[in-house]
Amino acid sequence: MRDSGLKHWWGTPLVGLAGGYLASLIGWPLPWMVGSLLAIILVRCLTPWQLAEIPGGRKCGQWIVGIGIGLHFTPVVMEQVLAHFWLILAGALLTSVSSVIGVWLMRRSGEDRATAFFSSMPGGSGEMVNLGARNGAVLSRVAAGQSLRVLTVVLCVPAAFKYLLGEGAPALHPAPINVYWLLLLFPAGALLAWIWQRLRQPNPWLFGPLLVSASASILWDLHIGLPDGSSQMGQWLIGSGLGCHFNRAFFRRAPSFIGRTLLGTALTMLIASLCALGLSALTQLDLRSMTLGMMPGGIAEMSLTAETLQLSVPLVTALQVMRLIFVLFLAEPLFRYWTRDHSR
């Protein structure tokens, strides 16, 4: 059972804040997420202090980030996204199919079919663990593979984008803050997240607030934003939560499995980059936004990266959401077809 008492997690927000602050001082991209993530991993790996996740902390971070992401959607932006619907569909499908490389690598190391398949699919960790449980996978390996993939993407992609591809053009005017709308959107987003969670739907504390704020922003053409520091708070809470999934035992366990997961993730990221290059050349859409949208990372993490680097947040979000839908709805039927075909 997970420790949730104050004595187990009181240091988590402090260590996360220290890591985020240090990362911001050196100008690291997405500093409050990456800094808090690395600080907590280092403390858990190098000291006996096993920091625990803040109860509800990651959900709260996703709630804030979901509202912020949704506010980037406007009628004009939504028209552009819908105009490129088939491109988004193709990009998401290509990213999903590229995960076959990870499955092949896992099978080469002797993993059973279910574990290899569900640990390599670029879907949410919780959802893949649930699907793996129904199909006989080794759940600890599935959770480890999913966590390591997200960790790799979060650590590598924002840095690569900032230092190799550069930042986008800065916004000339920050979006105004409308307190009355925010006082309406945040409770409504929390309510939908709670309903979504009760219905056992994926990623409720991101999708619920995102759907509420995006719908309101499109219907009423809001053009508003969150107060300064909100994005950083969301990053800090998400990064602090992610970091608590790693310790010395995690990295010592099955080094071959970890190595193949890292290699599979790197190859998937390479394929995503090449596909984005081709699709961007065909459509003249921004290469950086296309590439980020096709990365096998989490929706919140990649959308925050797009926001930080002044890229197209709606395009990145749409690509990430479409990929997740593909994986959630197609992973189990494809796996059962694969195993049935093999049994013949």
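The values are calculated or read from the model by the stated rules, or taken from the named source; none is laboratory data. Please read these numbers as outputs of a predicted model, since none were measured by experiment. Quick reminder, even Gly has a Cβ in these numbers, built from the backbone with ideal geometry, and neighbours come from all protein chains shown.
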Q. Conditions: (1) free of Cβ contacts under 8 Å to residues at least 12 places away in the same chain; (2) over 18 Å from the mean Cα position of the chain (by Cα). Val212 meets all but one. Number of the miss?
A. (1)
Q | Only one of Leu242, Leu191, Leu184, Leu219 that is in a helix (DSSP H, G or I) and closer than 19 Å to Gly124 by Cα | A | Leu242
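Conditions (1) within 30 Å of Pro174 (Cβ to Cβ); (2) at pLDDT below 90, marked per residue:
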position	(1), (2)
Gly35	yes, no
Ala39	yes, no
Val43	no, no
Leu105	no, no
Gly110	no, yes
Ser125	no, yes
Val129	no, yes
Q.
I'm told Ala137 meets every condition in (1) closer than 30 Å to Leu270 by Cα; (2) modelled with pLDDT of 85 or more; (3) in a helix (DSSP H, G or I); (4) small (Gly, Ala, Ser) except one. Can you identify the failing condition by its number?
A. (3)
Q) Within the range 191-204, which residues are crowded, with 18+ Cβ neighbours inside 10 Å and either more than 15 Å from the chain's Cα centre (by Cα) or at pLDDT 95 or above (or both)? A) Leu192, Ala193, Trp196
(Q) Just checking, does the range 211-223 include any residue being exposed (fewer than 15 other Cβ atoms within 10 Å of the Cβ), at pLDDT below 90 and closer than 30 Å to Gly110 by Cβ? (A) no
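So, Gly56, is that one of a type outside the set (Lys, Arg), more than 10 Å from Gly239 (Cα to Cα), surrounded by fewer than 16 Cβ atoms within 10 Å (Cβ to Cβ) and at pLDDT below 90 or not?
Answer is no for this residue.
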Q. Quick check: anything in the range 3-23 hydroxyl-bearing (Ser, Thr, Tyr), surrounded by fewer than 23 Cβ atoms within 10 Å (Cβ to Cβ), within 30 Å of Ser213 (Cα to Cα) and without any contact (Cβ under 8 Å) to a residue 24 or more places away in the chain?
A. yes
Q.
Can you find a residue that is more than 16 Å from the chain's Cα centre (by Cα) and at positive phi anywhere in the range 262-280?
A. no
Q: Enumerate the helices (runs of 4 or more DSSP H) found wholly within the range 18-123, keeping only those where 2 or more residues are more than 22 Å from Gly293 (Cα to Cα), of a type outside the set (Ser, Thr, Tyr) and in contact with a Leu (Cβ under 9 Å, 6 or more places away or on another chain).
A: 31-46, 57-70, 113-120
Q: Please find, within the range 59-94, the residue that is surrounded by the most Cβ atoms within 10 Å (Cβ to Cβ) out of those that are of a type in the set (Val, Ile, Thr) and more than 17 Å from the chain's Cα centre (by Cα).
A: Ile88
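Give the residue that is surrounded by the most Cβ atoms within 10 Å (Cβ to Cβ), with candidates limited to residues of the range 295-344 that are free of Cβ contacts under 8 Å to residues at least 12 places away in the same chain and not in a loop (DSSP other than H, G, I, E, B).
Filtering first and then ranking leaves Leu334.
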Q: Could you tell me which residue of the range 245-265 is nearest to Gly145 (Cα to Cα), considering only residues that are among the charged types (D, E, K, R) and at pLDDT below 90?
A: Arg253
